[in-house]
1. Would you work out the relative contact order for the chain, in percent, from Cα pairs under 8 angstrom that are 6 or more residues apart?
2. In debye, nearest 20: dipole of the chain around its Cα centre with unit charges on the Cβ of K, R (+) and D, E (-)?
3. Against the longest alpha carbon principal axis of the chain, how many degrees, from 0 to 90 and to the nearest 10, is the axis of helix 196-207 turned?
4. Give the relative contact order (percent, whole number) for segment 39-181; include only Cα pairs under 8 Å separated by 6+ residues.
5. Using the alpha-carbon atoms, what tilt in degrees (0 to 90, nearest 10) does helix 26-37 show relative to the longest principal axis of the chain?
6. Could you tell me the ratio Rg/Rh of segment 1-102? Both radii from Cα atoms, Rh via Kirkwood.
7. In a GNM of the chain with a 10 Å cut-off on Cα contacts, which of D121, D210, D170 has the highest mean-square fluctuation?
8. Show me the GluC sites (Glu not before Pro) within segment 66-111 that DSSP assigns to loop and that have at most 15 other Cβ atoms within 10 Å of their Cβ.
Amino acid sequence: MGKFDGILICTDLDGTLLRSDRSISQENLDAIEYFKSEGGYFTFITGRMPYFSKMIYDAVGANAPVGCVNGGGIYDYEKGEYLWLATLSDSVIELVEHVDKNVDGIGINLNTPDKVYFCRDNAATAEYRKATGIPNLVADYKAVDEPLAKIVFCDDNKEHILRAIELLNDHPKADEFDFVRTERTLYEVVPKGVNKGAALPRLAAALGIDMSKVVAIGDYYNDVAMLRAAGLSVAVANAVDEVKAVADYVTVSNEEHAIARVIEELDRGILKL
């Protein structure tokens, strides 16, 4: 019997597990190895698609399927397949066109289950590619004839993002979709009912773990539902106020080995499930 048998830790990536330079501290890696050696399951739920979070999966040695697409998919890297994936209805292109016509210069990415199409480019989409290593696959959004997992609007200009949010919320078909702010420069359209909080029980069920034994750790608006669903919720010190407000506990920042601190305090009985 391991000390952490029957416990799942599920973390966000950017701003939580990852430092600002997108690296993972050795302290976090060592703590994750210890947690797994004592029977625990460690994984993550991210807004990223599986094809550009594989390096992180390998780096941390996650021993469970991962949540992706902000909770819209569950992917098993060992099997090389989605266990579950939600996709957008075709009418989402009407919303894309509406924003495109009314917000000059906003970046637009279409995410399919296995690739990202860059349909409108700007400085924010260029930075997005640089940070994630995604190839610059260019296409007209009206010409992409594949299932879509999510739409991402990108812009460094705060007013452009706010205008896109207004246009999307006011669109006649807005009720068919959900929307989520994932970073300062990113706003996403996802299938109705999709969020990290809906994905977390799917992950736990796949592992036979009760939700009361699930620890969720996050920092941003798209992590709120995940923290609410978990048995124990932890916000990092750099989290937005809305995340801290729903968390059971606030730990150190992502620059201070937050995952290692959570595992240490579980080990010492300071944090209890």
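1. It rounds to 21 percent for the chain.
2. Approximately 340 debye in magnitude.
3. 50
4. 21
5. 60
6. 1.09
7. D170
8. When the GluC sites (Glu not before Pro) of segment 66-111 are filtered for loop state and at most 15 Cβ neighbours within 10 Å, E78 remain.
The values are calculated or read from the model by the stated rules, or taken from the named source; none is laboratory data. On a predicted model such as this, the values are computed, not experimentally measured, just so you know. Note that we place each Cβ from the backbone using ideal geometry, even for glycine, and neighbour counts take in every protein chain shown. The accessibility values were calculated without ligands, DNA or RNA, using every heavy atom of the protein model including side chains. Shrake-Rupley method; radii C 1.70, N 1.55, O 1.52, S 1.80 Å.
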